[in-house]
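The structure appears below as structure tokens.
Every number in this text was worked out from the coordinates using simple rules, so none of it is lab data. What you see is a predicted model, and the numbers here were worked out from it, not measured in a lab. As a convention, Cβ positions derive from the backbone with ideal geometry for all residues, glycine included, and neighbour counts pool all protein chains shown.
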């Protein structure tokens, strides 16, 4: 058995901690971006602000669930993590852009929020891709072991 096969075989007994760590790390800029959107003194809360908060909470919960499932090398959840990254990108064009157009956020605040959301997206995409690759490696190895 080669070194590569041994590493892949160990995946049967070890969790995908790299992807899980990246997912948990992605929660940090996501939460910071939410508070960067809702806490500036110039922001006047509206119904859409409440929707932004609910959407963010839902994405945080789904992202955490995705991280837990990615630990077990579940490919569909690796794909879901990439989808969650897309949902985060859509968030840029909802409340932050609206507040920027209404001059309730400065350009610097808006850019900071975009950077935070993009960072969360990058971390989620990397975690999703790693999960998918490791899942495929593990499935290929398990087929070889069965034969």
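So for the chain, averaging the separation of alpha carbon pairs under 8 Å that are six or more residues apart and normalising by length, what relative contact order in percent results?
After rounding, I find 39 percent.
Build a GNM of the chain with springs between Cα atoms under 10 Å apart, and of 58, 97, 119 the one that fluctuates most is 58.
What number results when the radius of gyration of the chain, computed over Cα atoms, is divided by 2.2 N^0.38 Å?
Numbers: Rg = 18.7 Å, N = 147, 2.2 N^0.38 = 14.7 Å.
In units of the 2.2 N^0.38 Å rule of thumb, it is 1.28.
Rounded to the nearest 0.05, the FRET efficiency derived from the C-beta distance between residue 142 and residue 17 at R0 = 35 Å is 0.95.
Could the peptides 123-131, 19-27, 47-55, 61-69 be put in order, highest first, of the mean number of other beta-carbon atoms found within 10 Å of their residues? Spell out each step's value before the answer.
Values: 123-131: 23.8, 19-27: 21.6, 47-55: 13.6, 61-69: 18.9.
By packing density, highest mean first, the sequence is 123-131, 19-27, 61-69, 47-55.
Can you tell me the 0 to 90 degree angle between the C-alpha axis of helix 17-38 and the longest principal axis of the chain, rounded to 10? In the chain, helix 17-38 runs at an angle near 10 degrees to the longest axis.
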